[in-house]
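One structure is given below, encoded as structure tokens.
Just so it is clear, none of the values below were taken in a lab; they were calculated from the coordinates. None of the values given here were measured: they were computed from a predicted structure. Neighbour counts run over all protein chains shown; Cβ positions are idealised from the backbone, glycine included.
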Amino acid sequence: MSGAASRRGIPFVVSAPSGTGKTTVCRLALTRDEGLEFSISHTTRKPREGERNGVDYHFVDEEQFRDLVASGAFLEHAEYAGRCYGTSWSSLEAPLEAGRDLLLEIEVQGAAQVREARADARFVFLLPPSMRVLEQRLRGRGTDSDEVIAARLALAERELEAVRFFDYVIVNDLLEESVAALLEVVGAERAGDTRELSARYGRETVLASWQGPQGG
Ligand code: ADP
Ligand code: 5GP
């Protein structure tokens, strides 16, 4: 086996309050970096229009999810807005073993579990420019009822507190800049040269200039 084949991939955890734009940013990043793969989670929520089973998520019912939890299938799992979500060991290990880097787009409770379990993971938090913009994005997406949007906004304030556990922070204002920033983090981590990253995307640096949840 060649030396290149022995490189293990890096799991990149990307979290943000729902509606910030992490799916949009991750999907674009995936189209631009062939070494990146999306970790397909399991969920008990129903597919949105256009979502495909086995591509966006593995859609399962609650009993199937419970069985997977009981059999130890998940690296992490969490309940979010009344639905269950989880990352299976199998969705993670095969790509990493093959030397492919993975994007795990997951919420903050799951991210905290990955932090405990995986020293090889890197953590990127996306911030909305403000809560007002977050609400506009949730409404603009047009996929959730008023009730679901209210539940997600209520969760967002608490989720923002988790930013302090993350290595890198990106404010998702201009989409192209956010995608470039995520790819820069991936590229630097891959190359093992992260010296420039903390000045640009380090938590302290970014939070110092962010307007805060009520700003903007
Ligand atoms: P999340 O995965 O964090 O819940 P989505 O990726 O579904 O969020 O994005 C929520 C909405 O915001 C979508 O309608 C998306 O098109 C829009 N959006 C995402 N990023 C941006 C951005 N940088 N500027 C403007 N709109 C955005
Ligand atoms: P959505 O229903 O909008 O697709 O996702 C709701 C939330 O669940 C988002 O914050 C998303 O990142 C998160 N999520 C998706 N997959 C997983 C997963 O496998 N584990 C955890 N903990 N959260 C997930």
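What does the charge count around residue 48 come to, taking other residues whose C-beta lies under 14 Å from its C-beta (Lys +1, Arg +1, Asp -1, Glu -1)? Before the final figure, lay out each step's value.
On the way: positive: 27, 45, 46, 52, 83, 141, 152; negative: 49, 51, 56, 144.
Neighbourhood net charge equals +3.
Let a ≥ b ≥ c be the square roots of the eigenvalues of the Cα gyration tensor of segment 122-216; is it rounded (a/c under 1.5), or, if not, prolate (a/b larger than b/c) or oblate?
Values: a/c = 2.25, a/b = 1.91, b/c = 1.18.
Since a/c reaches 1.5 and a/b is larger than b/c, the shape of segment 122-216 is classed as prolate.
Could you give the size of the charge dipole of the chain about its Cα centre, using +1 on the Cβ of each K and R and -1 on the Cβ of each D and E, expressed in debye and rounded to the nearest 20? The partial results should precede the final answer.
Values: 26 positive and 35 negative charges, 49 e Å.
My answer is approximately 240 debye.
Would you compute, from DSSP H runs of 4+ residues alone, the mean residue ellipticity of the chain at 222 nm, taking -39500 (n - 2.57) per run and dividing by the full residue count, rounded to the nearest 500?
On the way: 9 runs with 94 residues, N = 216.
Rounded to the nearest 500, it is -13000 deg cm²/dmol.
Percent relative contact order of the chain, based on C-alpha pairs within less than 8 angstrom and at least six residues apart?
Here the relative contact order equals 29 percent.
Identify the trypsin sites (Lys or Arg not before Pro) of segment 126-216 meeting these criteria: DSSP loop state and at most 14 other C-beta atoms within 10 Å of the C-beta.
Sparse-neighbourhood loop trypsin sites (Lys or Arg not before Pro): 195.
Answer with one residue from 138, 149, 109: the one whose Cα lies farthest towards the positive end of the charge dipole of segment 107-203, charges on Cβ with Lys, Arg +1 and Asp, Glu -1.
It is 109.
Dividing the Cα radius of gyration by the Kirkwood radius, what Rg/Rh value follows for segment 1-138?
0.97
Extent of segment 158-204 along each principal axis, from alpha carbon coordinates, in Å, largest to smallest?
34, 23, 16
Run through all the Cα pairs of segment 93-138 and give the fraction in each 5 Å bin from 0, expressed as whole percent.
5, 16, 20, 20, 15, 10, 9, 5, 0
Suppose a student asked you for the relative contact order of segment 6-77, using Cα pairs under 8 Å spaced at least 6 residues apart; what percent would you report?
It rounds to 19 percent for segment 6-77.
When the Karplus curve 6.51 cos²θ - 1.76 cosθ + 1.60 is applied with θ = phi - 60°, which whole-Hz ³J(HN,Hα) does each residue of segment 49-56 get, with x for Gly and Pro?
So the Karplus estimates, Gly and Pro as x, are 4, x, 7, 10, 5, x, 10, 7 Hz.
Measuring from centroid to centroid over Cα atoms, what is the spacing of segment 124-182 and segment 32-51 in Å?
Centre-to-centre distance over Cα atoms comes out at 18 Å.
For segment 1-61, count the residues as N, evaluate 2.2 N^0.38 Å, and divide the Cα radius of gyration by that value, please.
1.38
Treat every Asp and Glu Cβ in segment 163-211 as -1 and every Lys and Arg Cβ as +1, leave all other atoms uncharged, and give the resulting dipole magnitude about the Cα centre to the nearest 20 debye.
In total the dipole reaches around 200 debye.
Just to check I understand the Karplus step: with θ = phi - 60° and J = 6.51 cos²θ - 1.76 cosθ + 1.60, what whole-Hz values come out for segment 106-119, glycine and proline as x?
Result, rounded to whole Hz: 9, 7, 6, 5, x, 4, 5, 5, 5, 4, 5, 8, 10, 6.
Which whole-number percent gives the relative contact order of segment 89-195, counting Cα pairs below 8 Å spaced six or more residues apart?
Working: 54 pairs, mean separation 30.3, N = 107.
RCO, segment 89-195: 28 percent.
Would you kindly state the longest site-free stretch of the chain, with sites defined as GluC sites (Glu not before Pro) in a DSSP loop (not H, G, I, E, B) surrounded by at most 16 other Cβ atoms within 10 Å?
Counting at most 16 other Cβ atoms within 10 Å as exposed, the longest clean stretch of the chain is 52-195.
Which one of 123, 17, 192 is farthest out on the positive end of the charge dipole of the chain, using unit charges on Cβ (Lys, Arg +1; Asp, Glu -1) and the Cα centre as origin?
Of the options given, the answer is 192.
Give a residue-ordered list of calculated ³J(HN,Hα) values for segment 180-193 (Karplus: 6.51 cos²θ - 1.76 cosθ + 1.60, θ = phi - 60°; whole Hz; x for Gly, Pro).
Here the 3J(HN,Hα) series is 4, 5, 4, 5, 5, 4, 4, x, 5, 5, 4, 7, x, 10 Hz.
Taking springs between alpha-carbon atoms closer than 10 angstrom, which of 142, 50, 86 fluctuates most in the Gaussian network model of the chain?
Of the options given, 50 has the highest mean-square fluctuation.
Among residues other than residue 193 whose Cβ falls under 15 Å from its Cβ, what is the net charge (Lys/Arg +1, Asp/Glu -1)?
0
With Cβ to Cβ distances under 14 Å as the rule, what net charge do the other residues near residue 137 carry (K, R +1; D, E -1)? Could you put the intermediate results ahead of the total?
Values: positive: 22, 132, 139, 141, 152; negative: 135, 144, 173.
Its environment carries a net charge of +2.
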